[in-house]
Amino acid sequence: FLKGRSAIVTGSTSGIGLAYAKAFASEGASVVINGFGDAADIEKERAALAATSGAKALYDAADMTKPDEIAAMVQRCHAELGGPDIIVNNAGIQFVAPIEDFPVEKWDAIIAINLSSAFHMMRAAVPLMKAAKWGRIISTASAHSLVASPAKSAYVTAKHGLAGLTKTIALETATFGITVNAISPGYVWTPLVEKQIPDTMTARNMTREQVMNDVLLDAQPTKEFVTVDQVAALALYLCRDEAKSITGANLSVDGGWTAA
Ligand code: NAD
């Protein structure tokens, strides 16, 4: 149902972002993937996406800390694929430390990548979507857009900000056929989660087992990690015509975490 549409997914060389790109491609969309990683691995993913969709797939290396590169990626999509019809603000990083030990440069990087990049993406894409009278904007927020955890000051701040930004742009675009929503996953098993285990072990003086069970899955009543495909399936639904009245929402996919 996305044949002829184009989608940009930031931070899509890995994890949840790659699952979104695969989901859009499976419905025929052309996609722009973005993020860091090994060049050969990225090219393999890009080629696989083009093969799946039967449409074009591009890789753009825009760094989400660089507003000019973000705007250029949106313009490149417009020139080479049309649109963008769908943008997903998904790139994100994590750093875990109590505030007195939190490095200032990590704070700045998390605010830039997890929050400001979404502003720059939407600032560049909304005029094109308004002109087309159709658009779907999705941001990967987090359960941490609704609740906090210790030692995650920058991440929790960025994700709460992203939830507010989502509502604001939903109001600004509501009469233009554009929807703007956030998806807020609980713990999804991806490299981002795996990488924070050692730091959480240090910050909380715990073993790997204790972090997995007492910190990560403790928050999640289902006692299961969310999967990247479950998150991507919701994004795909938000792109359907049936979802046109869902805007300004922050949709939890968190195994009941934020119900507790
Ligand atoms: P991941 O580490 O697997 O993927 C992150 C992606 O962002 C990668 O493609 C990486 O290259 C890219 N990236 C990082 N810095 C970048 C930069 N400066 N410019 C461009 N790309 C950059 O992580 P993930 O778990 O798939 O996370 C994706 C999103 O989902 C993030 O916003 C994260 O906060 C959010 N999220 C994840 C979980 C989880 O449990 N994994 C839960 C809730 C929300």
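Of all the criteria given as (1) of a type in the set (D, E, K, R); (2) within 28 Å of D199 (Cβ to Cβ); (3) more than 20 Å from the chain's Cα centre (by Cα), the one not satisfied by K3 is (2). When A50, A71, A25, A40 are screened for being of a type outside the set (D, E, K, R), more than 17 Å from A124 (Cα to Cα) and under 18 Å from the mean Cα position of the chain (by Cα), only A25 passes. Does region 79-92 include one or more residues that are more than 20 Å from the chain's Cα centre (by Cα), within 15 Å of the ligand (Cβ to nearest atom) and surrounded by fewer than 17 Cβ atoms within 10 Å (Cβ to Cβ)? No, every residue in region 79-92 fails to be more than 20 Å from the chain's Cα centre (by Cα), within 15 Å of the ligand (Cβ to nearest atom) and surrounded by fewer than 17 Cβ atoms within 10 Å (Cβ to Cβ). The set of residues in region 201-260 being assigned to a loop (DSSP other than H, G, I, E, B) and exposed (fewer than 13 other Cβ atoms within 10 Å of the Cβ) consists of N205, T207, T222, K223, E224, S245, A260.
Taking K195 as the residue in question, decide whether it is within 12 Å of the ligand (Cβ to nearest atom) and surrounded by fewer than 16 Cβ atoms within 10 Å (Cβ to Cβ).
Numbers: within 12 Å of the ligand (Cβ to nearest atom): yes; surrounded by fewer than 16 Cβ atoms within 10 Å (Cβ to Cβ): yes.
The answer is yes for K195.
A quick yes/no check of all residues on (1) surrounded by fewer than 21 Cβ atoms within 10 Å (Cβ to Cβ); (2) within 28 Å of D241 (Cβ to Cβ):
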residue	(1), (2)
A97	yes, no
F102	yes, no
A109	yes, no
F119	yes, yes
M122	no, yes
A125	no, yes
K133	yes, yes
S142	no, yes
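Contact map, region 142-156: residues that are under 18 Å from P103 (Cβ atoms) paired with residues that are buried (at least 18 other Cβ atoms within 10 Å of the Cβ) and of a type in the set (V, I, T), Cβ distance under 8 Å, separation 6+ or inter-chain. Pairs shown: A151/V96; A151/T200; K152/V96; A154/I110; Y155/I110. Scanning region 1-43 for residues that are aromatic (F, W, Y) and within 15 Å of the ligand (Cβ to nearest atom) returns Y20, F36.
Show me the helices (runs of 4 or more DSSP H) found entirely inside region 89-188 where at least 3 residues are of a type in the set (S, T, Y) and at pLDDT 95 or above.
Values: elements: 104-110, 117-132, 153-173.
Once the helices (runs of 4 or more DSSP H) in region 89-188 are filtered for at least 3 residues that are of a type in the set (S, T, Y) and at pLDDT 95 or above, what remains is 153-173.
Selection over region 174-192 of residues that are surrounded by fewer than 21 Cβ atoms within 10 Å (Cβ to Cβ), in contact (Cβ under 8 Å) with a residue 60 or more places away in the chain and more than 14 Å from the ligand (Cβ to nearest atom) gives a count of 2.
Of all residues in region 14-50, which are β-branched (V, I, T), crowded, with 22+ Cβ neighbours inside 10 Å and either modelled with pLDDT under 95 or under 20 Å from T190 (Cα atoms) (or both)? Working first, answer last.
Here is the first cut: in region 14-50, the ones β-branched (V, I, T) are 16, 31-33, 42.
Then keep just the ones that are crowded, with 22+ Cβ neighbours inside 10 Å; that gives 16, 31-33.
Within region 14-50, I16, I33 meet the criteria.
Restricting attention to region 51-67, and to residues there that are of a type outside the set (A, V, I, L, M) and closer than 14 Å to N34 by Cα, which single residue is surrounded by the fewest Cβ atoms within 10 Å (Cβ to Cβ)? Step by step, filter region 51-67, then rank; the result is K66. Only one of these is within 15 Å of the ligand (Cβ to nearest atom) and in contact (Cβ under 8 Å) with a residue 40 or more places away in the chain: R76, R46. Name it. Being within 15 Å of the ligand (Cβ to nearest atom) and in contact (Cβ under 8 Å) with a residue 40 or more places away in the chain holds for just one of R76, R46, which is R76.
Every residue, every condition in (1) in contact with a strand residue (DSSP E or B) (Cβ under 9 Å, 6 or more places away or on another chain); (2) of a type in the set (F, W, Y); (3) in contact (Cβ under 8 Å) with a residue 40 or more places away in the chain, yes or no:
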position: D38; (1), (2), (3): no, no, no
position: G83; (1), (2), (3): yes, no, yes
position: V88; (1), (2), (3): yes, no, yes
position: A97; (1), (2), (3): no, no, yes
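The values are calculated or read from the model by the stated rules, or taken from the named source; none is laboratory data. Quick caveat, the model's predicted, so the values are computed rather than measured. Reconstructed Cβ throughout: ideal geometry from the backbone, glycine too, with neighbour counts over all protein chains shown.
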